[in-house]
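> Sharing a structure with you now.
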Amino acid sequence: MAFTNLKSTQVAFLETYLRGTGRQMSAAQAEATYGIKNLRARMSELRAVGLRVRKGTNTEGRTAYAVSRRTVWGDQFKLYA
């Protein structure tokens, strides 16, 4: 797989890439494609600022994370600009 250099912080990228899109990302995908070595920690950071992070299993049987469009307070604005 091709490795992509991120031009923003990892949490800002994950918010933009996952929030409200219906996409999921596993730790293996995050590391191989975007160089995010600790996806679990980044998801914890997103939860700490109030985003709803869902954890499920992808087709390969690995844990995958998705982010809801709304925060726990019902807001939709971006937290990381």
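The values are calculated or read from the model by the stated rules, or taken from the named source; none is laboratory data. Remember, predicted model here, so these are calculated numbers, not experimental data. Heads up, the Cβs are rebuilt from the backbone with ideal geometry, glycines too, and the neighbour counts pull from every protein chain shown.
> If only one of Gly50, Gly35, Gly61 is in contact with a strand residue (DSSP E or B) (Cβ under 8 Å, 6 or more places away or on another chain) and of a type in the set (Gly, Ala, Ser), which one is it? Lay out the reasoning, then the answer.
Working: Gly35 fails: in contact with a strand residue (DSSP E or B) (Cβ under 8 Å, 6 or more places away or on another chain); Gly61 fails: in contact with a strand residue (DSSP E or B) (Cβ under 8 Å, 6 or more places away or on another chain).
That would be Gly50, the only listed residue that is in contact with a strand residue (DSSP E or B) (Cβ under 8 Å, 6 or more places away or on another chain) and of a type in the set (Gly, Ala, Ser).
> Let me ask something else. Test Thr21 against the stated conditions and say whether it is part of a loop (DSSP other than H, G, I, E, B) and either surrounded by 12 or more Cβ atoms within 10 Å (Cβ to Cβ) or among the polar types (S, T, N, Q) (or both). Before the answer, list the steps.
Values: part of a loop (DSSP other than H, G, I, E, B): yes; either surrounded by 12 or more Cβ atoms within 10 Å (Cβ to Cβ) or among the polar types (S, T, N, Q) (or both): yes.
Here the answer is yes, as Thr21 does meet what is asked.
> If you don't mind, another one. Just to verify a result, which residue in region 31-42, among those that are at pLDDT 95 or above and aliphatic (A, V, I, L, M), is surrounded by the fewest Cβ atoms within 10 Å (Cβ to Cβ)?
So the residue we want is Ala41.
The rows are residues; the columns are (1) under 22 Å from Leu79 (Cα atoms); (2) among the small types (Gly, Ala, Ser).
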site	(1), (2)
Leu18	yes, no
Met25	yes, no
Ala28	no, yes
Tyr34	yes, no
Ala41	yes, yes
Val53	yes, no
Thr63	no, no
Val67	yes, no
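> Can you give me the number of residues within region 64-75 that are touching a strand residue (DSSP E or B) at 6+ places or on another chain (Cβ under 8 Å) and either in a helix (DSSP H, G or I) or among the charged types (D, E, K, R) (or both)?
Pass one, region 64-75, residues touching a strand residue (DSSP E or B) at 6+ places or on another chain (Cβ under 8 Å): 64-72.
Now drop any that are not either in a helix (DSSP H, G or I) or among the charged types (D, E, K, R) (or both), which leaves 69-70.
Residues meeting the conditions: 2.
> Kindly indicate whether Glu45 is among the charged types (D, E, K, R), assigned to a helix (DSSP H, G or I) and modelled with pLDDT of 90 or more.
Details: among the charged types (D, E, K, R): yes; assigned to a helix (DSSP H, G or I): yes; modelled with pLDDT of 90 or more: yes.
Answer is yes for this residue.
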